[in-house]
Amino acid sequence: MYAMEVFRRVEAPRSVVYQALLDPEAIATWRVPDGMTGHVHEFEAREGGQFRISLTYDAPDAIGKTAARTDTYHGYFERLVPDEQVVEVDEFETDDSDVAGRITVTTTLADADGGGTDITLRYEGLPDSIPRGDNETGTRMALDNLARLVEKH
């Protein structure tokens, strides 16, 4: 297992970014890497609240972690600090021991110099079978989607 961080600055206030982190409709659009479609099955935006999300590859020959073309994960919100931090614990729905286990994802928001918001996403407990480069690329794509969403406001 390993940990990693991905950073992104967006030109939007922390309050707008925080709302997008806890809005299931927003999650379905921004938290999806290119070439995938998101679906939020369950989402309780409160400490202890549970969620369940599927990401499905658009390519018919893609291989998912849960099903043929799908990565489904569930989890709960461990900590919510309004406009500052979201800590969630995720787990892929799979029988594959190479990707099973809990992953803690901490999203921290800070005021950026000159305005906007600095976003740091920290993953802890990523399985070694998930290539660091793939996770970083997918996270950067998702954060680019988030930026497009919140910078419209």
Exactly one condition in (1) surrounded by fewer than 19 Cβ atoms within 10 Å (Cβ to Cβ); (2) among the aliphatic types (A, V, I, L, M); (3) closer than 23 Å to T37 by Cα is not met by A110; state its number. (3)
In the set G64, G138, G116, the lone residue that is surrounded by 17 or more Cβ atoms within 10 Å (Cβ to Cβ) and within 15 Å of the chain's Cα centre (by Cα) is G138
Collect the residues in the stretch 73-107 that are under 12 Å from the mean Cα position of the chain (by Cα) and of a type in the set (V, I, T), keeping them in residue-number order. V86, V87, V89, I103, T104, V105, T106, T107
Residues being among the small types (G, A, S) and either surrounded by fewer than 18 Cβ atoms within 10 Å (Cβ to Cβ) or out of contact with any Phe, Trp or Tyr (no Cβ under 7 Å at 6 or more places or on another chain) (or both) - total across the stretch 67-79: 2
What single numbered condition from (1) polar (S, T, N, Q); (2) at pLDDT below 90; (3) buried (at least 17 other Cβ atoms within 10 Å of the Cβ) fails to hold for S97? (3)
Would you be able to say whether some residue in the stretch 95-108 is within 24 Å of E42 (Cα to Cα), of a type in the set (A, V, I, L, M) and touching a residue at least 40 places away in the same chain (Cβ under 8 Å)? no
Which of (1) exposed (fewer than 15 other Cβ atoms within 10 Å of the Cβ); (2) assigned to a helix (DSSP H, G or I) does L149 not meet, given it meets every other one? (1)
Here is a list: T29, T37. Which entry is of a type in the set (V, I, T) and part of a strand (DSSP E or B)? T37
Answer yes if at least one residue in the stretch 31-51 is over 21 Å from L149 (Cα atoms), among the charged types (D, E, K, R), touching a residue at least 12 places away in the same chain (Cβ under 8 Å) and crowded, with 17+ Cβ neighbours inside 10 Å, and no otherwise. no
Members of the stretch 1-26 found to be assigned to a loop (DSSP other than H, G, I, E, B) and either charged (D, E, K, R) or over 18 Å from L80 (Cβ atoms) (or both), listed by number: M1, E11, A12, D23
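Residue by residue through the stretch 44-75, note down the ones that are part of a strand (DSSP E or B) and among the β-branched types (V, I, T). Walk me through it before giving the result.
We begin by selecting, within the stretch 44-75, every residue part of a strand (DSSP E or B); these are 50-57, 70-75.
Within the stretch 44-75, I53, T56, T70, T72 meet the criteria.
Just one of I130, I103 is out of contact with any helix residue (DSSP H, G or I) (no Cβ under 6 Å at 6 or more places or on another chain), surrounded by 13 or more Cβ atoms within 10 Å (Cβ to Cβ) and not in a strand (DSSP E or B); which is it?
I130
Looking for whichever is in a strand (DSSP E or B) and either aliphatic (A, V, I, L, M) or touching a residue at least 12 places away in the same chain (Cβ under 8 Å) (or both) here; the options are L143, L80. Which one fits? Write out each step before concluding.
On the way: L143 fails: in a strand (DSSP E or B).
Exactly one of L143, L80 is in a strand (DSSP E or B) and either aliphatic (A, V, I, L, M) or touching a residue at least 12 places away in the same chain (Cβ under 8 Å) (or both), namely L80.
The values are calculated or read from the model by the stated rules, or taken from the named source; none is laboratory data. It should be emphasised that the depicted structure is a prediction, and the values quoted were computed from it without experimental measurement. Glycine also receives a Cβ, built like all others from the backbone with ideal geometry; neighbour counts cover every protein chain displayed.
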